[in-house]
Structures are given as structure tokens and as C-alpha cells.
Amino acid sequence: MNTTPAITVINTKAVIDGTGAKPLENATVIVEGSTIKAVERRAQTFIPEGPHVKVLDFPDGYLLPGLVDVHTHLMFGDWHGHYEEVIERDSDEVCLLRAAKNALAHLKCGVTTLRDNGSRNNVTFNLREGARRGYATTPRLLLCGRPITLTGGHFHWCGQEADGVAGVRTGVRQLAKDGADHIKIMASGGGTSTTDNRRPSYTVAELRAIVNETHSIGRLTTAHCLATQSLTNALDAGVDMIEHAGFIEPDGSYKFDPRIGERIAKQDVYVSPTVQTGYRHREGLLAEQSQGPLTNDDQQKLEGLKAKCESQLDFLGRMWKESGVKIVSGTDAIKIFGDYCLGLELMSEAGMSNKDIIKASTSAAAEAIGISNLAGSVLPGKEADLIIVDKDPLQDIKALRTMSMVMRAGEQTLQSSL
Ligand SMILES: [Zn+2]
């Protein structure tokens, strides 16, 4: 039996390693099996030879770590209307097939690691098992399975309602038993019709019990926080990451609180601002409006989306610039998959530098979800999760819209000829 591992030699114009270091020009990356073996200037590299060696030349290519999306909902997809219609309409089996399609769409746009933050029952656990057996090609999947939520809480139809300190402890143990890598907490209401996004859901005591139980089994928590009070509660409980950071007041207005921003930074909590949520919907309604007047319902939706999208951008900029919060990239993809770069373009609009946006989408995101030993940077010893684009993303972040190559654990999933 031939035990020589396959070697791939990738010659590039430059390597941007994801750590924020200066790009390495005229660089060669050597991949052995699924692992990065060497990253060096071409002239200094010892190039292996033999039938097990494949050479890929990208003379105009910029090589980066595969991108990380810390927030998706894989089982949903493109439809018109509210997501609860999908819940009523589709079986878990249909959702599983769609999750596989969505995961592949994300992989093709360069996302080699994806953290799912809430799907129904065991849909995502089954997807991962299918991918392990080779039935589907997906990014590396980190899964919460079902988000933990109070009775009737946001996403309660995923199947993990839990109340009270004892109840939430049991909930965390159940999720861990089913295969959860992290615990997603619904700390406020959201778009689910039985909930209110202006108000917190769990008490601090319940949140603390979830966090302690999760940490005791060596896993991380992340909390969905739209209501301002839910941010304070989540910080009191010691969560590891905050999703959205909506800063919604009880009267429904959006109001950034710099003291909370400072607290987030001081407690070293990551924020995934999911800045693109609602953007495409708003774009679609604006396009319709340019053709003629909208219905009252759509006009109201458009106004709501304007307030939401503008506050998201504003709060991201303030958390980043004024508070020094650690920001990471999450799409909150639920309708549209494969549109990862939009969030990066909006981060740029909010005032982040391209270098920092790349970090937020690679090394910082990998660190935030606890896999920096494996992924998030182009360094020897890491998994060979790599992307190549043909323009310099440090000059223009839109370069990350089009992939010339995507490699996941040493396997090319998207080749330049495709
Ligand atoms: Zn979400």
C-alpha cells in the first residue's frame, strides 16, 4: 500500500495569512495531506517532486485562510414570507437536503468553517454525519443543534425549550449528548411571532446556569441579544459571545449604550454583529419601490428595515472604534447562502480597515469559536483550509466576492476552471 501522503504545492503572488501580518510576496504554500506544511518565499522553498506531488500555479492569486462564518441557520433557504411558514411546511428530511445545499453554497463562496446557530431537532447533526460519510460536501461544521430558549421563546419550534435553573441545566446536557459543539442561547425575543425583541427572555440566574453548565463540559456559549437589557443580562452571566447586539429599547427604538460597549470590550466578549441581516430584503423592497408605490404593509416593512440596517452599521462602527470590541463575521444566513462577502463590504462601510475585516473573518473568528489551533490562519501545522482570489483584498475587500480556488482540509472543492 502506498502510504506517501499527497502533496500540493501552491504558488501565489502573495499570502495574506489572516493574522494581520504583512503579506508574503511570491509565496509558496506546501500542503501535505490535510495540513499546511510550509509557507515560504518561493526562492527559499524546497519543492518536493514525484508522482504524489501536484503543483498549482496562481501567478496573480492572493491566498488567504478559508473564511469563517460564525452564524448561520442552515436548514432554511430561499422563500417568500416569514420563516415560520417554512417550519410549518417542511419536514426535517426536506430541511436536511436544503441544509446540504446551503452548506455547499457557503463553501463555494470561500467559507470553510461554518457555525450553525440554530436549526430544528437533529437536522444539522444529521448533516454533519452525512458529510462525515461523504454524502455531502460541507465546510467544517460547528453546531449548536437547537438553540436553548424559554417556553414560547425565539426559535422555540427548534425543539429545545427550557425554563428555570434546573431546566436549563438539563437542556444543556441534552444538547451536549446529541452532539452540540456550543450552546446558543436566546437571551431576548426575536422574529418569532410569540416573542418580543425589545425584551430579555431568560433571567440572569438562568443564563448563569447555562453558561456554567456549558463551561463545565468545556464548551462555549453565544447569546442572541436584540433587547438592550438582554445584553446586560448576558454580560452579567459571563457569556463568551454576543450575536447581533441590537440595543433595542423597551419602546422599540435603537439606542447604542457606550457603557455596555465598554463592558463588552472589558469582559473580552466577542460580538458577531450580523450586519447584513435585512440588507437584501431592504434592497429588494427599494427596487420594487422604484417601479411604483409599495403596499402599506411593504412600506412599513421598508421603514423598519431602514432603521434596523442603519443602526446595525452605526453600532458596529461604534463598538469597533469607540469601545474596542472584538468583532467577528457572521452572516445570520437564513434565506440567502453564498453571500458572505456582503457582510465584509458593510464592515468596511462601518469603518473597519480591510486588514481588520480579514482578521475578523479568519483568525479572530476561529479564536472566537475555539478552533484557532486548527483554522483561521495560513501557518504550518494548521488544516489546509485555503482560498485564492485574483485581486488584492487588502486594497478592495470586494475581491473576496469571487473565489479562484477553495480548499478544505487539503481537498480542492472549487477549482479555477469551474
Ligand atoms: Zn440567527
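For the reader, a short list of remarks on this structure follows.
- The distance linking segment 282-303 with segment 95-132 is 32 Å (Cα centroid to Cα centroid, whole angstrom).
- Convex hull volume of the chain per residue (C-alpha atoms, cubic angstrom): 148
- In terms of overall dimensions, the C-alpha atoms belonging to segment 52-143 reach 50, 29, 18 Å along their principal axes, ordered largest to smallest.
- Alpha-carbon Debye profile of segment 1-101, log10 I(q)/I(0) at 0.10, 0.17 Å⁻¹: -0.51, -0.79
- Per-residue [θ]222 nm for the chain (sum of -39500 (n - 2.57) over DSSP H runs n ≥ 4, rounded to 500): -10500 deg cm²/dmol
- Scanning the chain for chymotrypsin sites (Phe, Trp or Tyr not before Pro) lying in DSSP loops with no more than 14 further Cβ atoms inside 10 Å, the longest uninterrupted stretch between such sites is 136-418.
- Of all accessible heavy-atom area on segment 278-326, the percent that carbon and sulfur account for (1.4 Å): 49
- Taking every protein chain into account, the accessible area of segment 157-311 amounts to 44 square angstrom per residue (probe 1.4 Å).
- Å² per residue, accessible surface of segment 331-418 at 1.4 Å: 38
- Phi-derived couplings, Karplus 6.51 cos²θ - 1.76 cosθ + 1.60 at θ = phi - 60°, listed residue by residue for segment 81-86: x, 8, 5, 5, 5, 5 Hz, with x used for Gly and Pro.
- Segment 334-358 versus segment 222-265: alpha-carbon centroid distance in Å: 21
- Accessible surface, 1.4 Å probe, highest first, among residues His52, His215: His215, His52
- With a Cα cut-off of under 23 Å and a minimum spacing of 8 residues unless on different chains, the lysine pairs in segment 280-335 number 6.
- Surface composition of segment 1-58: carbon and sulfur atoms hold 52% of the protein heavy-atom accessible area at a 1.4 Å probe.
- For the chain, excluding the exposed loop sites themselves (trypsin sites (Lys or Arg not before Pro), DSSP loop, at most 12 other Cβ atoms within 10 Å), the longest remaining stretch covers 256-418.
- Normalised contact order of the chain, rounded percent, pairs of Cα under 8 Å and 6 or more residues apart: 19
- A simple charge model with +1 on the Cβ of Lys and Arg, -1 on the Cβ of Asp and Glu and nothing else charged puts the dipole of segment 285-418 at about 280 debye relative to its Cα centre.
- Beta bridges assigned by DSSP with both partners in the chain are antiparallel in approximately 45 percent of cases.
- Charge dipole magnitude, Cβ of K and R +1, D and E -1 - the chain, Cα centre, debye nearest 20: 760
The values are calculated or read from the model by the stated rules, or taken from the named source; none is laboratory data. Not measured: the values here are computed from a predicted model. Backbone-built Cβ (ideal geometry, glycine too); neighbour counts: all protein chains shown. Heavy atoms of the whole protein, side chains included, go into the accessibility calculation; ligands, DNA and RNA do not. Shrake-Rupley method; radii C 1.70, N 1.55, O 1.52, S 1.80 Å.
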